[in-house]
Amino acid sequence: MSVLLRIVSGICKGIYRSVVFIGSLFFSLLFIAMITVFALSIFYSEDVTVADNSILKLTLSGTIVEQRTLEDPYINYAELLMGLPEKPRETVLQEVLDTIGYAESDPRIEAILLDLKYLQGAGLNQLEAIGASLASFKKTGKPVISIEDSYSQDQYYLAAHGSKIFINPMGGVNLNGFGMYRFYFKEALEKLKIDFHVFRVGDHKSAIEPLTRNSMSAEDRSQSREWLSALWQNYITDVSAQRGLKPDNINRYINAVPDNLREVNGDLAGLAMKSGLVDGIKNRREIRSYLMEIVDAKSEDEVSIVSFFDYHSQVPAPYDTDGRQSDQIGLIIAEGTIIDGSSQPGTIGAETVMSLLRQAGSDDRIKAVVLRIDSGGGSAFASELIRQEIIALKNDGKPVLVSMGAYAASGGYWISANADEIWASANTLTGSIGIFMAVPTFEKLLESGGIHRDGVGTTNLAAGLDLTRPLSDELGDAIQMVLENGYDRFISIVADGRNMDRKKVEELARGRVYAGARAKELGLIDEIGALDQTIAAAAARAGLSDYGVTHLKQEVSFRSLLLSRLHAAVSALADRYTWLAPVLSAARPLTSAVQRFLLFPDPNGMYAHCMIGYF
């Protein structure tokens, strides 16, 4: 019997070792393959030839961002070599603007063909900037053509800037207006027996309301309606001006959908045509013929279309020093949630930004700094660290200007307040001067499972912040006083930085959010303008006429790049297994909401954060 057991045991051990060996071999080979692909991607290059009478296919895909989550100039080659979908999940705004601007004066480019199919989202200020570049391109007499099967709201804003807009007979223009809808967790937390002790200063500071309510508060509803209406009015005004329509036509197109569709027998493409939103309805074959006409080609083979990625590889980078100018403007881009420590993908790390600001201060060539901020806030402590470094840089005699992106609210505004000048788009969301703290305790949840906690201490606060025990009145009072002190500090920072009366700041604060145009009226920002205008203003402050722009950025490790590619490979699975798409789409808002409350580290637990967003 023992002999049999030894034989069986030996077989099992052999199988186990074989499985371990095969597994190790597989992952080793996979790792070697990825290293090889990465190495090949670095050396892989191909000269791009742009023929005369070419059409630039301006492909905008994924989300429009200020800078890539992880920057790698060879990332597209690597994805192609790895067989990943040729659909970048991020498109850098400045690269789009540079490409359009370069094509504007390039005699080889005859027209721009907008490719918007995979554009998933962008801030209205970003769409506005791209639209302005397209409008400038058209002034040269070159057409901008938009051809899609259908258009989402963001896609249509850009399409409206086209010389011609075409749609597939089975397509439509899907406009719905702007709205903001959140998940609210109060009832769920009660059922889970989790007590969230919420402290805040500012009756419009709505970032914490999902934990304390089951619906939107009257204050949040009022302020959200105000800025949503302002942005929507800007949207329909811009689109109507491009299409030669009245703004009310857009609202009627949306608000009377059943009646409008009834008139065209439910034909969405026909409705878009009847409403003046598109210029024509064409199928794929008719589109190919139309493109032939644009470049006066006799056959489809003669139509030369150059891709955005290939063409951009020839465009000089405007925000990297080439050494020709001795004087430079330093550009720092800060995008994401503000956290203490180093920047991670999608975050603004205080230590990273401070290091870049110090780098700008120690570089004698850099005469002024522009900080581009796109953030709804985060850690109050981290925001203050960055603000202190801005003040130090100003004290060294170098002007610091802020250019706001889609958002620069709460902590984003905390950082901006002491800048020499604040520039923003009319569609930027800013303000939200307020502060909050949320502390969950789980004593009821534990008690429901028969688990109890008790003990003794030498002082009233001996237990500290024990999440398994009820929050003591003493600790609650202390937290509220610390929070009020933080809010008072925020008010003082804004009053001093903006040279405003403190009482006026208090009236504008309380967590209220403002669209850029309104913020300028109230004195919260100085000028309405884009990033390039802010850079020009920084040069003027520094007394420069001939200058370059140095983009100061964090060095990205090889490990981070490798992890980014792994993430891309996993994401590609969703593209292959399309049944996952609806599930991921439905889960994304809930996931985002939960992530916001896995609160980013702050030594004092205080957060200057604003949950703003719209679609």
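The values are calculated or read from the model by the stated rules, or taken from the named source; none is laboratory data. The shown structure was predicted, so the numbers you read here are calculated from the model rather than taken from an experiment. Note that each Cβ is placed from the backbone with ideal geometry, even for glycine, and that neighbours are counted across all protein chains shown.
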| request: Kindly indicate whether E335 is acidic (D, E) and either touching a Ser or Thr at 6+ places or on another chain (Cβ under 8 Å) or closer than 28 Å to T428 by Cα (or both). | output: yes
| message | Filter the range 359-381 down to the residues that are over 17 Å from G497 (Cα atoms), buried (at least 24 other Cβ atoms within 10 Å of the Cβ) and in contact with a Phe, Trp or Tyr (Cβ under 8 Å, 6 or more places away or on another chain) and list them by number. | response | D374, S375, G376, G377, G378, S379
| Filter the range 356-375 for residues that are in contact with a Leu (Cβ under 9 Å, 6 or more places away or on another chain) and either acidic (D, E) or not in a strand (DSSP E or B) (or both); which is farthest from T430 (Cα to Cα)? | D363
| request: Read through the list (1) surrounded by 16 or more Cβ atoms within 10 Å (Cβ to Cβ); (2) in a loop (DSSP other than H, G, I, E, B), then give the number of the only condition that P107 fails. | output: (1)
| task | Could you check, for the range 345-363, whether at least one of its residues is touching a Cys at 6+ places or on another chain (Cβ under 8 Å), closer than 28 Å to M180 by Cα, in contact (Cβ under 8 Å) with a residue 24 or more places away in the chain and assigned by TED's automatic domain parsing to the domain that holds A539? | result | no
| request: Among the helices (runs of 4 or more DSSP H) lying completely within the range 117-217, list those that include at least 3 residues that are under 30 Å from R372 (Cα atoms). | output: 124-138, 153-159
| request: Taking A122 as the residue in question, decide whether it is of a type in the set (A, V, I, L, M, F, W, C) and surrounded by fewer than 23 Cβ atoms within 10 Å (Cβ to Cβ). | output: no
| task | Considering each residue of the range 340-356, count those that are in contact with a helix residue (DSSP H, G or I) (Cβ under 7 Å, 6 or more places away or on another chain) and surrounded by fewer than 23 Cβ atoms within 10 Å (Cβ to Cβ), and give that number. | result | 5
| Hey, does the range 403-411 have a residue that's assigned by TED's automatic domain parsing to the domain that holds A540, part of a helix (DSSP H, G or I), touching a residue at least 40 places away in the same chain (Cβ under 8 Å) and closer than 28 Å to W232 by Cβ? | yes
| message | Name the single residue that is nearest to the chain's Cα centre (by Cα) among those in the range 428-450 being of a type in the set (S, T, N, Q) and surrounded by fewer than 24 Cβ atoms within 10 Å (Cβ to Cβ). | response | T441
| Any chance L446 is in the same structural domain as T347 (by TED's automatic domain parsing) and outside any strand (DSSP E or B) | no
| request: Select from the range 126-149 the residues that are touching a residue at least 40 places away in the same chain (Cβ under 8 Å), of a type outside the set (A, V, I, L, M) and either in contact with a His (Cβ under 9 Å, 6 or more places away or on another chain) or surrounded by fewer than 24 Cβ atoms within 10 Å (Cβ to Cβ) (or both) and list them in ascending order. | output: E128, G131, P143
